Each structure stands twice: as C-alpha cells, then as structure tokens.
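Report on one structure; see the data block that follows.
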C-alpha cells in the first residue's frame, strides 16, 4: 500500500471530551480530598493510515490518554469511538473483540515482556487467546513470520527476554502488537528508552509497517524531531489539555501557541552556527491537583495578559485543521 493515509476519510478513532481524574485519598477512612486532573477535556480524531503525534512535557497526560483509549485505564468521562463503536460503553466481550484491532507498544522494553515466557509464548499469546491458529505448528509458523517482519532472526523463537538487547526487545513488543493484525496501535514512548541509532531503526520499521498494513498510530513522545519524522499531524498537550493541533509541517513552520513555540525553540538544529530565538520558560508546571484558572499556561507564558489569568482561552483556527487555544490576536 503505497499511500495508506486517507486524509479526507471518516475517522478511525474519534475522541471527544475525554477526562481522567485520579482521586487523592487521605486519612484513616481514605476519603477523597482532591482530584488529579491528568486528562482534562481532550478531543481529537485519527483517520485510517494516519499517525497523530502527541507531545508535551513529562506529566502532561500523554500516556494516560493513550491508555484510556484502550481502557487499560478507565476514563472518568468522555467518548472514545473506534469505527463508530463507543469503546467506553463496550461490554467485556465486545471489548475483547475490539482489542484485536487496537493494540499498544509500551515504553519500557525491559518491563513490558514477561521474563518467564519465551518469544514464542509472548508473541503467540494473543493468537491463542483469540483462537486465530488451529495447531501448534501453525502458531509457530505465524510467530516466525512476525519475527522476520520486524527484522529478528526466527531462530530466536525459543529464547527469553533477558537474552535480547533493548532494541531487540522492542521489536518483540512490536511483533506482539502486530500478531492480531490490528488497525490502530498506541505507541507509548516506543523509542524513548533506546539509543539514538536504534531509535532510527525502530522508527523506520514502524513507518514501513504503517505503509504496508495501513496502520493508524497514536505516537506518544517528547522528542519533537522523532515526531516530525513519523507523524502526519501533531497535537501538543499541556497540563492535561490539548493546546494546539495541526498538520506536522504547518505546526513546525508556524506554531501559534506560545507553549508550542517554546517547545520548538528547544529542538536541536544540525547547523551549530544557526541563530534562532531560544524561549526559556520560567517556573514549574502547576500541579494537576489544583490547575490555575483561565489559561493553564499563563503562569509560565512570556506573553500572558490579564485576561489569561481569569478567562479560558477560546478555540481558534489558523488554517485548515490547525487549531489552538490562546487569547493572543483577539
């Protein structure tokens, strides 16, 4: 499939007003005294064959969004539709069937694989659970095919995770996610734990698999250079909210939100003599237990106005599909 991204088609995944609050309990009776607003009213769409990059500082809620889509974490509110089916209202049986088409690649290749299971058992577990193979030999053949597809030697089929490097383990995790032939994969910081040279190999592998199988990705990351390379669109999160979303090139060429501009100013450039403005944010990220009123970014924003402290910024459009939330230029 040479061009699997159908930008004008119906969304494969639709997320609207997604929220996830974690209760803070204290005292002998473990009463709820506060809520950690990890994800606070997030909405976006992912089309067939599309990669949506989700970026932001550590703790902004990126991973919680990804896991909430698959109900690995139960959201507090909102809607998640996959092929027009509400994932959050699905029964256990329906959810199991949905998960054949919705998989995840975890961040830590050392923690995400069971050390007591062989590669055959790890990759073949989903095939067994969903009864997609009729015999042991067919299961082994399928696992060998998957290993070959992620560029691992099929002779490793009976080895255990401790016998592999970090990059090899992540390829095993990718093969496990591919085993059920999904349509949508959440890549939760899938390359952040790897060396830079290995990162490039894994990113190129993910892109090849996307083109070959028409996969859609939610690519959660904090490395903007990686996100630019793999993503069709990018959503920027800050303190549980999406502050800007746009086509990748439009976002990098003309970022509209001050937070996006600050993030992009920190991306290293190849030319050491190139001059550009470096935007250094002051202060710390506010606590998600007690986020500031108005614009959540106003406590660190270099261009904050009085109304930013009291009024929630409106959603604006800077072009086709390029939206952001800010009081500037009103």
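Numerical summary
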| read-out | value |
| --- | --- |
| Angle in degrees between helix 196-213 and the longest Cα principal axis of the chain, rounded to the nearest 10 | 70 degrees |
| Computed lengthening from residue 280 to residue 145, 0.36 nm per intervening residue step minus Cα-Cα distance | 43.8 nm |
| Protection proxy ranking, peptides 157-170, 23-36, 302-315, average beta carbon neighbours within 10 Å, highest first | 157-170, 302-315, 23-36 |
| Sequence ranges 192-199, 247-254, ranked by mean other-Cβ count within 10 angstrom, highest first | 247-254, 192-199 |
| Part-to-part distance (alpha-carbon centres) for region 263-299 and region 113-188, which is given in Å | 40 Å |
| Principal-axis tilt of helix 136-149 within the chain, Cα atoms, nearest 10 degrees | 50 degrees |
| Convex hull per residue volume in Å³, alpha carbons only, for region 1-151 | 191 Å³ |
| Cα-only Debye scattering, region 28-90: base-10 log of I(q)/I(0) at q = 0.13, 0.15, 0.20 Å⁻¹ | -0.44, -0.57, -0.92 |
| Residue 58-residue 131 FRET efficiency (beta carbon distance; Förster radius 41 Å; 0.05 resolution) | 0.55 |
| Tensor-based shape of region 151-213 (alpha-carbon gyration tensor, a/c under 1.5 rounded, otherwise prolate or oblate) | oblate |
| Length-normalised contact order of region 72-156 in % [C-alpha pairs under 8 Å, at least 6 apart] | 13 percent |
| Cα pair count fraction exceeding 16 Å, expressed as % - region 97-151 | 51 percent |
| Neighbour-count order for 18, 113, 95, fewest beta carbons within 10 angstrom listed first | 95, 113, 18 |
| Against the rule of thumb 2.2 N^0.38 Å, how large the Cα Rg of region 249-330 comes out | 1.22 |
| Per-pair calculated FRET efficiency, R0 = 30 Å: residue 36 and residue 181 via Cβ, rounded to 0.05 | 0.25 |
| Using alpha-carbon coordinates, inclination of helix 166-178 to the longest axis of the chain, degrees | 80 degrees |
| Added length on full extension, which subtracts the Cα-Cα distance from 0.36 nm per residue, residue 273 to residue 108 | 55.8 nm |
| Counting all C-alpha pairs of region 173-329, share separated by more than 29 Å (%) | 28 percent |
| Surface/4 estimate of mean projected area, convex hull on alpha-carbon atoms of region 57-145, nm² | 7.9 nm² |
| Value of [θ]222 nm, deg cm²/dmol, for the chain, DSSP H segments ≥ 4, -39500 (n - 2.57) each, nearest 500 | -8000 deg cm²/dmol |
| Residue-span extension gain [residue 204 to residue 320] - 0.36 nm each, minus C-alpha spacing | 38.9 nm |
| Descending principal axes extents, region 204-287, alpha-carbon based, whole Å | 44, 37, 19 |
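A short reminder: the numbers here are calculations on the coordinates, not readings from a lab. Only a predicted model underlies this, so the values are computations on that prediction, with no experimental measurement involved. Every residue, glycine among them, receives a Cβ derived from its backbone with ideal geometry; neighbour counts consider all protein chains shown.
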